[in-house]
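Have a look at the structure below, then the notes.
The values are calculated or read from the model by the stated rules, or taken from the named source; none is laboratory data. Fair warning: this is a prediction, and the values are worked out from it, not measured in the lab. Neighbour counts run over all protein chains shown; Cβ positions are idealised from the backbone, glycine included. For the accessible areas, the whole protein counts, side chains as well, though only heavy atoms, and no ligand, DNA or RNA atoms are used. Shrake-Rupley method; radii C 1.70, N 1.55, O 1.52, S 1.80 Å.
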Amino acid sequence: MTMRPDWDTYFMDIATAVASRSTCDRAGVGAVFVRDKRILTTGFNGSPSGQEHCDDVGHLLVGGHCVRTIHAELNAIIQAALHGITLRDSTCYVTHFPCLGCAKALANVGLARLVYRDDYRLDAHAAGVLEKAGVLMERWLPAAGRDGRGASRAASSPGEEGAPGADGEAYGS
């Protein structure tokens, strides 16, 4: 008998598939917004429509960061806006913890829950914005011994004492 993945695993798998469309190889990020177990919108990090991609012309680095692309979370929010979809009270499944700018945008859409896989550059300031906005943050980890099916949560949330990035520094920078 095959075990079906739980909902968090299912949507994180979709976020991972969405990330495969990324056009910047510095970090392939995918985001999926969900409400009531229904996908509302998706996004990946890539250049604005009609503009050159990192994969084609290289990175546009400013201060050590590629600024050619729009982040996955923001691309998903833009798609929702273009199609008249509200993201209020939704869950965002994202492959990488959001940067400060994306955290502010997520707070402003009225996000209820953030489920992230990688704590890449985890920033306590970004976590603080989400916490103050009442966003429940959970790190998704594949359950051990079940072929990646099922999810477990990290013991600490972003910004908690002892958690990566709790000192205010970007994690992994």
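Values computed for the structure shown
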| item | result |
| --- | --- |
| Filter result (open to solvent by less than 10 Å² (accessible area, probe 1.4 Å) and either modelled with pLDDT under 95 or closer than 19 Å to residue 10 by Cβ (or both)) within the range 94-110 | 94, 95 |
| Any hit, the range 70-86, residues being within 19 Å of residue 117 (Cα to Cα) and out of contact with any helix residue (DSSP H, G or I) (no Cβ under 8 Å at 6 or more places or on another chain) | yes |
| Subset of the range 58-83 (residues that are of a type in the set (Gly, Ala, Ser) and assigned to a loop (DSSP other than H, G, I, E, B)) | 58, 63, 64 |
| Scan of the range 61-108 for residues that are touching an Asp or Glu at 6+ places or on another chain (Cβ under 8 Å) and more than 23 Å from residue 138 (Cβ to Cβ), ordered by number | 68 |
| The range 9-44, residues that are buried (at least 19 other Cβ atoms within 10 Å of the Cβ), farther than 19 Å from residue 86 by Cα and in contact with an Asp or Glu (Cβ under 9 Å, 6 or more places away or on another chain) | 22, 24, 29 |
| Single residue of 164, 142 found to be at negative phi and either of a type in the set (Phe, Trp, Tyr) or at pLDDT below 50 (or both) | 164 |
